Amino acid sequence: MTIGIYPGSFDPVTLGHLDIIKRSSKIVDKLIIGVLSNSAKRPMFSAEERVHMLELVIGDIGNATVQTFDGLTVEFARSLGATVMFRGLRAVTDFEYEIQIAQTNHALSPDIDTVFLTTSVKYSYLSSSIVKEVASYEGNIAKFVPEIILPLVTSKIKSLRSVNNGNRQKQ
Ligand code: ADP
């Protein structure tokens, strides 16, 4: 049985991520989506919120599950018996960073291979940062995130906006 992981921040999961999840779940017998819980990246959504959104999104993909992890991705993969690590590539800028990570991971753990899936062209511009940026200006993000999580993303951003406005008024 081939086990693969798809690690990332998913802050929040986008249609671009979902595309990679669907395609990678067809390549392996079991796919585990790893949500990086490390707070160094200062995510907008807590690890629990990101896991919950991913669980909603993968509803009909029978061989995919979600877990949080911290520390080295290769150690996470090894602990699950995974031999494949999926990453998505959008543009040349992703490639430069991703190849360095993949080669480091290969040096650390030669029995785990990184498989790159190129983004579907329609999602090549999409990132979690873009979603947060557009949503923070009250733009429509319906084309960027899976429909099922749309209310969760918009209500979170609305609540953060009202906290920020409250803080500004206090100053
Ligand atoms: P982001 O770069 O959006 O913050 P993550 O760290 O959560 O995303 O990314 C997890 C993986 O998904 C990375 O390999 C990243 O390159 C890939 N990815 C992100 N957005 C897309 C997209 N629109 N199309 C294909 N792959 C993507």
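The values are calculated or read from the model by the stated rules, or taken from the named source; none is laboratory data. Just so you know, these numbers come straight off a predicted model, no measurement behind them. Counting neighbours? That spans all protein chains shown, and the Cβs are built from the backbone with ideal geometry, glycine included. Quick note on the areas: whole protein, heavy atoms, side chains included, nothing else; ligands and nucleic acids left out. Shrake-Rupley method; radii C 1.70, N 1.55, O 1.52, S 1.80 Å.
Remark: relative contact order (the range 1-111) = 33 percent; criterion is Cα-Cα distance under 8 angstrom and separation of 6 or more residues.
Mind putting together the pair-distance distribution for the range 41-129? All Cα pairs, 10 Å bins, whole percent per bin, short to long. Spelled out per bin, shortest first, that is 13, 37, 44, 5. A 1.4 Å probe run over the range 1-50, with the rest of the protein chains in place, finds 43 Å² accessible per residue. Between the exposed loop cleavage positions of the chain, defined as chymotrypsin sites (Phe, Trp or Tyr not before Pro) in a non-H, G, I, E, B DSSP state with at most 13 neighbouring beta-carbon atoms within 10 angstrom, the longest gap is 1-124. As a fraction of the 1.4 Å probe accessible area of the chain, surface on carbon and sulfur atoms comes out at 54 percent. Both radii were evaluated on the Cα set of the chain; the Rg over Rh quotient, with Rh as the Kirkwood radius, amounts to 0.99. Protein heavy-atom accessible surface, 1.4 Å probe, per residue over the range 58-154: 59 Å².
Structure remark: mean-square fluctuation, Gaussian network model of the chain, C-alpha springs under 10 Å; the largest value among Ser46, Ser155, Ser124 belongs to Ser155.
The GluC sites (Glu not before Pro) found in the range 82-171 that occupy coil by DSSP, while having at most 16 further C-beta atoms within 10 Å, are Glu138. Computed from phi, the 3J(HN,Hα) profile of the range 43-49 under the Karplus parametrisation 6.51, -1.76, 1.60 (θ = phi - 60°) reads x, 6, 9, 5, 4, 5, 5 Hz, with x in place of Gly and Pro.
For the chain, the 222 nm mean residue ellipticity estimated from helices alone, with every DSSP H stretch of n ≥ 4 adding -39500 (n - 2.57) and the total spread over all residues, rounds to -14000 deg cm²/dmol.
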